[in-house]
1. Fewest first, what order do His101, His23 take by the number of other Cβ atoms within 10 Å?
2. How would Arg211, Arg78 line up from fewest to most surrounding beta-carbon atoms within 10 angstrom?
3. If you add up the charges near Gly131, with Lys and Arg at +1 and Asp and Glu at -1, over every other residue whose beta carbon is less than 10 angstrom from its beta carbon, what do you get?
4. What is the order of Ile152, Ile128, fewest Cβ neighbours within 10 Å to most?
5. Once Rh is set to the Kirkwood radius over Cα pairs, what Stokes-Einstein translational diffusion coefficient, in µm²/s, holds for the stretch 52-128 at a temperature of 4 °C and a viscosity of 1.567 mPa s?
6. To the nearest 0.05, how large is the calculated FRET efficiency for Arg112 and Leu31 if R₀ is 25 Å and r is the Cβ-Cβ distance?
7. Under 10 Å, Cα contacts only: if you run a Gaussian network model on the chain, which one of Pro15, Pro207, Pro139 comes out with the highest mean-square fluctuation?
8. Compute the signed sum of charges (Lys and Arg +1, Asp and Glu -1) over the other residues within less than 13 Å, Cβ to Cβ, of Leu206.
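The numbers here are math on the coordinates, done by the rules we state, and not lab data. These figures come from a predicted structure and were not determined experimentally. Note that each Cβ is placed from the backbone with ideal geometry, even for glycine, and that neighbours are counted across all protein chains shown.
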Amino acid sequence: MTSSPSPAGDSPRLPGPRAHVLHEANYAQLLAQRPHVAVLPWGATEAHNWHMPHGTDVVEAVSLAERAADLAVTSGARVIVLPAIPYGNNAQQQDQVATVHFSTATALAILRDVTDSLARQGIDRLVIVNGHGGNDFKPMVRDCQLTSGLTILVVDFWRLCPDVLAATFPDPGDHAGQLETSLLLHLRPEWMEMERAGRGAAAARLPDGIRQANAWTPRPWSKVQPDTGSGDPAGSSAALGARYFEAATASLATLLTTVSGLDRGADVFS
């Protein structure tokens, strides 16, 4: 049996299925080491400037979740990485080709079914690894935690290591900028076409009378960000992406190990 490919820069994979990745694990493995922490990567499928794959958010969420789980199980964590949810809230990108939007009602229904299923099987902790800035889980988590009894945590990948982020990227951007471009140059360089990259500059903004109040309204994405990027990808590199990926996965692995080490039914607040 041969090992499956690893993201660039990862340690070589040993042959055989990983018991902590549900897409790979077999039932015998799951019964032998029953998990009590589930990890759910949740992304979106959307345009990322001209140079990045539509699956960027999914790649980021899955790669971080799986690598963090690889690290956490070496510390005794009993985790299972679930298959990713590949669609997110893209209500303002519906004029862009092949962009599938999940409404909040749809996302809530999916999350409720996932948490109810896990609760029935004794998996009482869920960590959502979010790869898409348009996904807002707080109200849904409140509802699902109440009805399922699970302890649910949400991690946005770009918030994992703010000190490393600030020290690594002069201008990380918030969509297809230096951070995401560098991560994908590290994780999936064969999918990147850097010669196509736009500058990710805004073509429109809210009037000053609205901005001064720090009001928020959804961006009509194609009007405000014509190349669909928000942040200049210039200066991105695989080395910068690897630096953030290593720090972020270590941080996430610590979280998974900590959550796994809690007693069943324990409050995460001490």
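1. Working: His101 17, His23 13.
Fewest-to-most ranking of His101, His23: His23, His101.
2. Arg211, Arg78
3. For residues surrounding Gly131, the net value is -4.
4. Sorted ascending by nearby Cβ count, the order is Ile152, Ile128.
5. 89
6. FRET efficiency, Arg112 to Leu31: 0.45.
7. Pro207
8. +3
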